[in-house]
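Just below is one structure, and these are the notes that go with it.
The values are calculated or read from the model by the stated rules, or taken from the named source; none is laboratory data. Model, not experiment: these values are computed from the prediction. Cβ sites come from the backbone with ideal geometry, for glycine too, and all protein chains shown count toward neighbours.
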Amino acid sequence: MSEQPASYDLENPSEPNFYKAQKGLKSWLFTVDHKRLGVMYLASVILFFFVAGFLAIALRTELLTPAQDFVSASTYNQLFTLHGAIMTFLFIIPATPGALGNFLLPLMLGAKDVAFPRLNLLSFWIYSAAAVMLLCTLVLGGLDTGWTFYTPYSTSTGTAAGLAALGVFVAGFSSILTGLNFVVTVHRMRAPGQTWDRMPLFVWAIYATAVIQILATPVLAITVLLVFIERFLGIGIFDPAMGGDPVLFQHFFWFYSHPAVYIMILPGFGIISEILTVHSRKHVFGYKAIALSSVAIAIISFLVWGHHLFVSGQSELVGVIFSFLTFAVAVPTAIKVFSWVATLYGGSIVYNTPMWYGLMFLWTFTIGGVTGLYLSTISVDVHLHDTYFVVAHFHYVMMGGLVIAFIGGVFHWWPKITGRFYHEASGKLGALLVFIGFNVTFGTQFFLGHQGMPRRYFAYLPEYTTMHQISTVGSYILASGLLIAGFSLAMAFRKSAPKAGSNPWGAVSLEWKTSSPPIEHNFHDTPHVTGSPYDFPEIDKSGRTH
Amino acid sequence: MILNLLLLGPDPALLGTPPMSESPFSLLPAASTNAQEIDDVYIFITALCVISFVILMGAQIYFMLKYKKPKAGHRKTSPLTHSGKLEFWWSFIPAILLLILFGWGETLYMKMMSPPDDAISIRVTGQKWFWTVEYPDTAGAILTDELIVPVGIPVRLTLTSNDVIHSFFIPVFRLKKDAVPGRYTNMWFEATTPGVYPIFCAEYCGDQHSSMIGKVHVVPREEYQAKLDEAARLVQDEGESMVDFGKRVWDRGGCASCHSLDGTTKTGPSLKGKYGTNETLVDGSTIAIDDNYIRESILEPNAKVVQGFTPQMPSFAGRFDDKAIAGLIEFIKSNK
């Protein structure tokens, strides 16, 4: 809850909104406005999502039949590599912090901008440069290493793995700078009265994410730089022929890439906390537990990378320790899900598109979470490792977790970003198709994996045909759902689209206390925070005092 | 039926896919002593997951229906913000369940990782894109993409790789282990059910990763040595034509993992109708495909590489004797 001088008319602001405040291409390319940068990130990540999604549809199409027929072996290998690399490095990692985080963080804190606006611009440029480098690999020999760049394959393949490694190296700096900026912003730029326990949970999630970005990304940078040096100078650090150790690469890589999973999913948790509360008119259940479990997850996430190496030949003792630590992550994660479901209790639930995604998330993410138990149980993992079970599991976590939350978040904040409403009916139809398509595509893959179907195969034994076909049909449904969701969002650009007003959802957090779209400096008067961001007027305060 | 579906997935036979007669994949047989125990843990986790999922989603769906917004306006909502007791129990109970899972998984893992002293030793080497299986105790027993093991005797595999990382995966034993260049890794099992089952490469290793599929033959204990000797024998039988012998050499060498006989291009050139034709090499010169060229290509494969291909083939010098090479040449010749 917050108060602001009532004199300023948010619905008809005297100042132009941030789109109109400055004009011309240059005003966008050299902008230091966090909202413009957020919008540019949003456009970029959506573009890359559709590019990588298209690659996924192509490879699912190849898998319709057991034999290799639609694309060649090397094309298939490049398809899954680029699908993974683009989704990970150009979409999932930057999506929520870069797009929604940039746009919303200062607004939620009641600040005029992030702490270092120029650094923010630099971060976007670096991201663009990395994107160009990764996309250049498409025409410069392709990339067929898998997004994980395992050595010695990646140091010996003839494709453009060097350029790709450099692209990932560069993308890492964008991530580090964004993280740094956000940490300082959260510490220094909160509005008067906004204590740590009055911050929206989205801010907590972005904060925890930023900390991981700063601490883990340098390790990835060093690792891919070593791959690059190895390829061009042959120093032999990962090359067994020269006394190096290829498994060392996996330790380095997963030391970053496992925390990176939480870089991807934590912001999604934040989005869900906002969506579920606003559209059920309820205070979030267990604010402290949700906020602190994000921090707990951030810390433990640094200690579980070894579960990616369960079958690599690492010592049994190390494997068992990593198995234990992996189980430890499950507890704070479970607490979050329980708290979200409990948030619905006693609410007044509005069924609109963002809420559909929010509720869908609880379903898909829970499946993603519980199937993690199979993989952390080390003796069962030995069988499931590197099969479609793992593919299904991480898609349920990444797509069923982050992507669903991200789409829900885009719908939720679309009125704030564009000033207008998306198209509700097509939004819901899209959500329904995404839900069905997603579960058909990836639910099937758990069974495929348990029956032994290995990952990254373009051809397979005929026993697996039916399940592969079901999965492929699911992916087509999923793709059509996503296109319809895009259509629903695009409908907001019509001249006749209904105007959203400053606070269409009746939310309490600060981003709704300014015009839609916001004015250039966010707030006409500095807001003062006097209470919780989840203190909705519908909450019954007559009875118990909680 | 429903339980089977949940625990083990749909039965391909019911879905209309014919199960391979030799390897009944349908319910993924458990063909080793540990496999059944691993399935027990799997089933326990599944039960746990299904129960928690039903409780959680049941609560969610109940709330979704019960607390739907009224047609006009909003109802007053609950002021509940937290509950120490509830939060303690829903942290404590999962933590205990997870500890049980961890303990069970760990104990079984230790058993899976400790081979008995009396295990038969077999060496497996991965390379792009086939497995070489060597039996130290049987002369000449070097097989390609074929693992022969007895029922009821523990077997210990020592794995390594000649190029990139591969992973030796036998689904029916619920086992896999990476084959890493420059080091040795181990796995062991005791097979229980005779049959022929697939071996997959589970770590991405390049172009033909998908066709790096071998077979494990689980044979009764008393037939084991005879089967192995039979498989190890690489001499022309009496009454066997040279072409038929060559076909056996072809299979044994795993030649088909890179060279097709039907004209499709794999990692290496197809050998359909190649004998007697001319081929352009990477340096631009041409060469006639004759007996000498084929022999050289088997013993020193990277000396004259055909245009459009890369030097990937390992040498078979020492593996095949002159008689076997002659048979192989005749077999290639016969493949018009």
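Listed by first and then second residue, the pairs linking a residue in the stretch A:297-316 that is within 12 Å of chain B (Cβ to nearest Cβ) and within 26 Å of B:TYR184 (Cα to Cα) to a residue that is part of a helix (DSSP H, G or I) and of a type in the set (S, T, N, Q), with Cβ atoms under 6 Å apart and 6 or more places separating them unless they lie on different chains, are A:HIS307/A:THR326; A:LEU309/A:GLN250. Among the residues making up the stretch B:256-267, a single one is part of a helix (DSSP H, G or I) and in contact (Cβ under 8 Å) with a residue 40 or more places away in the chain: B:SER257. Evaluate the following for A:LEU143: is it in a loop (DSSP other than H, G, I, E, B) and at pLDDT below 90? For A:LEU143, the condition - in a loop (DSSP other than H, G, I, E, B) and at pLDDT below 90 - is met. Within the stretch A:344-366, how many residues turn out to be facing chain B (nearest Cβ under 7 Å), of a type in the set (Val, Ile, Thr) and closer than 30 Å to B:ILE38 by Cβ? Count: 1. Could you tell me whether the stretch A:252-263 includes any residue that is facing chain B (nearest Cβ under 10 Å) and at pLDDT 90 or above? No, the stretch A:252-263 has no match at all.
Could you check the stretch A:196-237 and list, in sequence order, the residues that are surrounded by 24 or more Cβ atoms within 10 Å (Cβ to Cβ) and among the aromatic types (Phe, Trp, Tyr)? Of everything in the stretch A:196-237, those that are surrounded by 24 or more Cβ atoms within 10 Å (Cβ to Cβ) and among the aromatic types (Phe, Trp, Tyr) turn out to be A:PHE202, A:TRP204, A:TYR207.
The rows are residues; the columns are (1) within 14 Å of chain A (Cβ to nearest Cβ); (2) part of a loop (DSSP other than H, G, I, E, B); (3) surrounded by fewer than 16 Cβ atoms within 10 Å (Cβ to Cβ).
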position	(1), (2), (3)
B:GLU222	no, no, yes
B:LEU234	no, yes, no
B:GLY239	no, yes, yes
B:GLY246	no, no, no
B:PRO269	no, yes, no
B:ASP283	no, yes, yes
B:PRO301	no, yes, no
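In the condition set (1) within 7 Å of chain A (Cβ to nearest Cβ); (2) buried (at least 21 other Cβ atoms within 10 Å of the Cβ); (3) not in a loop (DSSP other than H, G, I, E, B), B:TYR204 is compliant with all but (3). If you go through the stretch A:91-127 and keep only what is among the small types (Gly, Ala, Ser) and more than 20 Å from A:GLY53 (Cβ to Cβ), you end up with A:GLY101, A:GLY110, A:ALA111, A:ALA115, A:SER123. Among the residues in the stretch B:255-263, are any modelled with pLDDT under 85, touching a strand residue (DSSP E or B) at 6+ places or on another chain (Cβ under 6 Å) and closer than 21 Å to B:TRP129 by Cβ? Scanning the stretch B:255-263 turns up at least one residue that is modelled with pLDDT under 85, touching a strand residue (DSSP E or B) at 6+ places or on another chain (Cβ under 6 Å) and closer than 21 Å to B:TRP129 by Cβ. Among the conditions (1) within 13 Å of chain B (Cβ to nearest Cβ); (2) aliphatic (A, V, I, L, M); (3) within 30 Å of B:ALA202 (Cα to Cα), the only one that A:ILE539 does not satisfy is (3).
Conditions tested, residue by residue: (1) charged (D, E, K, R); (2) under 18 Å from the mean Cα position of the chain (by Cα); (3) within 14 Å of chain B (Cβ to nearest Cβ).
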{"site": "A:SER72", "(1), (2), (3)": "no, no, yes"}
{"site": "A:PHE80", "(1), (2), (3)": "no, no, yes"}
{"site": "A:ALA95", "(1), (2), (3)": "no, yes, no"}
{"site": "A:PHE103", "(1), (2), (3)": "no, yes, no"}
{"site": "A:ILE126", "(1), (2), (3)": "no, no, no"}
{"site": "A:LEU135", "(1), (2), (3)": "no, no, no"}
{"site": "A:GLY158", "(1), (2), (3)": "no, no, yes"}
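Residues in the stretch B:280-336 that are in contact with a Gly (Cβ under 9 Å, 6 or more places away or on another chain) and of a type in the set (Asp, Glu): B:ASP290, B:GLU330.
Residues to consider are A:PHE70, A:PHE116, A:PHE89; find the one that is within 22 Å of A:PRO218 (Cβ to Cβ) and at pLDDT below 95.
None of the other options fit; the residue is A:PHE89.
Within the stretch A:281-289, is there a residue that is surrounded by fewer than 23 Cβ atoms within 10 Å (Cβ to Cβ), more than 13 Å from chain B (Cβ to nearest Cβ) and touching a residue at least 24 places away in the same chain (Cβ under 8 Å)? Checked against the condition, which is being surrounded by fewer than 23 Cβ atoms within 10 Å (Cβ to Cβ), more than 13 Å from chain B (Cβ to nearest Cβ) and touching a residue at least 24 places away in the same chain (Cβ under 8 Å), the stretch A:281-289 yields no hits at all.
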